[in-house]
Amino acid sequence: MTASEPLLEIRDLKIRFQGEAGPLNILQGVDLKLLAGETVGLVGASGSGKSVTAQAILGLLKRPPLLEISGQILYEGSDLVTMSAGQLRQVRGRRIAYIFQEPMSALNPVFTVGEQIAEMVVLHEGLGRRSALNRAADLFAEVGLPDPRRRLNNYPHELSGGQRQRVMIAMALSCSPQILIADEPTTALDVTIQAQILRLLKRLQVERRMALLFITHDLRVMAEIADRLAVMQAGRIVEEAGIEALFHAPQHAYTRQLLTLIPGRGGGRVVP
Amino acid sequence: MFAYLVRRLLLLLLVLFGVVTLVFFLIHLIPGDPVDIMLGDQALAADKDALRHALGLHRPLGNQYLSYLGDLCRGDLGLSIHSRRPVLTEIGERFPATVELMLGAMLVALLMALPLGIISALKPYGWLDGASMLISFLGISIPNFWLGPMLIILFSIQLGWLPVNERGGLEHLILPAITLGTAMAAMLSRMIRASLLEVLDEEYITNARAKGLPERLVIFKHALRNALIPVITIIGLQVGVLLSGAIITEAIFDWPGLGSLLLEGIYSRNYPLVQGCILVIATVYVLVNLLTDIAYAWADPRVRL
Ligand SMILES: Nc1ncnc2c1ncn2[C@@H]1O[C@H](COP(=O)(O)OP(=O)(O)OP(=O)(O)O)[C@@H](O)[C@H]1O
Ligand SMILES: [Mg+2]
């Protein structure tokens, strides 16, 4: 694959949800490209459709509320939108992994974290349970969890918030995916922990040459982690540019407005 | 854990003391006494008095109560008034039949409720969900004393597939277990449906799918394991309902269990027997609740005893 050819390409993605008072146009033609090894930041106000876009990639939207989906999500030449459930399962977790915002609610409370990673490795790579657990322990070490062997037998509630998000990251890495989607992976964490998790994600992304689709509404975070930014507003991508270009010469009014919210820029201040 | 068990067992003793006391005075409030019933209305007063003395029933009630408690502490439940055999022996003969009936009913309930509840939750508001709701509604509203005879008429008398009465092999257990288990099945299936629906909305279920797990694992491992945790508590509470239902069911099917023994005891004002039966039933109830709590803690790693 050449560098210019996108690993993942979303074309004119339109999504309608069933609302209380009738159908809602949640996504109104989203176009987005993700190249191999790059980090694309998806920013936008709350409710602009970032999570819906991310979940649509892996076909995670439930019916209801999902009513209608059209457009294409091309991954390695096949369309994830029309792909069979069986084929899609080969992509989920294995080629494209997803990190949720709230590790506490995304981890199953009744299984050990070791088990929740191992089951995935057993399934996708046909490893035995013991080797799968060894893999999980190695991953725990890689994401900086102390005492990785012992962590295997911990239940989610026995870990701190930061540790849980590290577990989620380890889980996402477990089958060496090409693409990582992280939906606000740090918003649920303390500020100091946030910085650690960000650095960890960035490091892993570079080391493992993964493409990262990183969602946040914090532009400061983006400046640290992203190569390119896509700005989303009301179900559309309104601006897409390299991080430098976007910060220095924003084209769209909404982007300019977002930039004023960064302290030390344009005299704006941080809105709590 | 150990301290917890000790606390719960002390509580058990307290509950049993309360039950014994309550039952002792309540059954003496029921009009009629065992001597009248044994000897009949025509008997001579002298004969009645002699029997009363022999049974110790002439003593003041408080006196009888204290000596009953004393015996109880030594594990002696007294003698059955009529057969003069130890109450404990009579209960021991009947108890296994009741346990068999209740286990059978619980099995029936789970075998019906699990598939109904799961199917309903997977396709809520579909026609299968509607059908299962209707079945549950019927199951909850049909009383045992109607369902039992109906089953007998259909399967034993009309079709001749199953034996009518008494305890025996597995084929004897089927109809009583269905009679007793149906209401519980109906209740449980709605519970399982509601619980599973709630769990299916959790983010860890979406995450399980995002990991690429097949639906089979998503539902039967990740969702069901969580959905059944609250159901454990309901099953524990339902054991009390099953116990009271067993009394009626045993009467319908001539099932030689604790329930029919208790009824015989009440008809004949067999005080020690009635007290013994109720004591055993109360003990079972409290122990099952303890077991339920332990099972709950075992199923949910967030709960520590
Ligand atoms: N389950 C749902 N049912 C109905 N509407 C929904 C549902 N989930 C999301 N929406 C709607 O879809 C739109 C996009 O939501 P989405 O979660 O993608 O926003 P977001 O950009 O991720 O916001 P945030 O920054 O708050 O996470 C919103 O208007 C939201 O109200
Ligand atoms: Mg979101």
Would you calculate the separation in nanometres between label points at A:Thr82 and B:Leu197, each defined as 7 Å from the Cα along the Cα-to-beta-carbon direction?
3.6 nm
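Please find the FRET efficiency linking A:Glu5 to B:Ala299, where r is the Cβ-Cβ separation and R0 is fixed at 56 Å, and quote it to the nearest 0.05. Numbers along the way, then the final one.
Numbers: r = 50 Å, r/R0 = 0.89.
The calculated FRET efficiency here is 0.65.
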At 222 nm, what helix-only mean residue ellipticity would chain A give, in deg cm²/dmol to the nearest 500, using -39500 (n - 2.57) for each DSSP H run of four or more?
-10500 deg cm²/dmol
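What percent do you get for the relative contact order of chain B when only Cα pairs under 8 Å and 6+ apart count?
On the way: 330 pairs, mean separation 79.2, N = 305.
The value is 26 percent.
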Using distinct alpha-carbon pairs, which all enter the 1/r mean, Kirkwood radius of region B:87-299 in Å
18.7 Å
Model label zone, A:Ala195; criterion: amide N under 16 Å from point 7 Å along Cα-to-beta-carbon; scope region A:210-225
A:220-225
Can you tell me the length gained on complete extension of the stretch B:Val241 to B:Ile142, counting 0.36 nm per residue apart and subtracting the Cα distance?
34.2 nm
For chain B, the longest principal axis of the Cα atoms and the Cα long axis of helix B:271-299 enclose an angle in degrees, to the nearest 10, of 20 degrees
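Calculate how large, on average over all directions, the projected area of the Cα convex hull of region B:20-73 is; give the answer in nm² to one decimal. If you can, show how the numbers build up before the last one.
Numbers: hull surface 16.0 nm².
Approximately 4.0 nm², given one-decimal rounding.
Between B:Leu162 and A:Arg130, what FRET efficiency follows from the Cβ-Cβ distance if R0 is 35 Å, with the result rounded to 0.05? It would help to have the intermediate numbers written out before the result.
Values: r = 50 Å, r/R0 = 1.43.
Calculated transfer efficiency: 0.10.
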Measure of exposure for B:Glu203: accessible area at 1.4 Å probe, Å² rounded to 10, is 60 Å²
So if each residue of separation counts as 0.36 nm, and I subtract the Cα-Cα distance between B:Leu287 and B:Met150, what length gain in nm does that give?
46.0 nm
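Ordering A:His157, B:His53 by how much accessible area each has at a 1.4 Å probe, largest first, what is the list?
Values: A:His157 65, B:His53 110 Å².
Largest accessible area first, the list is B:His53, A:His157.
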Heavy-atom accessible area with a 1.4 angstrom probe orders A:His248, B:His222, B:His28, most exposed first, as A:His248, B:His28, B:His222
Taking chain B and counting helices only, DSSP H stretches of n ≥ 4 at -39,500 (n - 2.57) each over all residues, the nearest-500 ellipticity at 222 nm comes to -25000 deg cm²/dmol
Could you name the lysines whose alpha carbon sits less than 25 Å from that of A:Lys50, not counting residues in the same chain fewer than 8 places away?
A:Lys14, A:Lys33, A:Lys62, A:Lys202, B:Lys211
Hydrodynamic calc, the protein assembly as shown: Kirkwood Rh from Cα pairs, then Stokes-Einstein at 20 °C with viscosity 1.002 mPa s, so D in µm² s⁻¹ is 74 µm²/s
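At a Förster distance of 51 Å, what's the computed FRET efficiency of B:Leu10 paired with B:Leu128, Cβ-Cβ distance as r, to 0.05? Write down the numbers at each step before the final one.
Numbers: r = 48 Å, r/R0 = 0.94.
The computed FRET efficiency comes out at 0.60.
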For B:Arg216 the rounded accessible area (nearest 10 Å², probe 1.4 Å, non-protein molecules ignored) is 150 Å²
How far, in degrees from 0 to 90, does helix A:129-142 lean away from the longest principal axis of the Cα atoms of chain A, to the nearest 10?
50 degrees
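The values are calculated or read from the model by the stated rules, or taken from the named source; none is laboratory data. All figures in this text were calculated on a predicted structure; none of them were measured in a lab. Reconstructed Cβ throughout: ideal geometry from the backbone, glycine too, with neighbour counts over all protein chains shown. Accessible surface areas use protein heavy atoms only, side chains included; no ligands, DNA or RNA. Shrake-Rupley method; radii C 1.70, N 1.55, O 1.52, S 1.80 Å.
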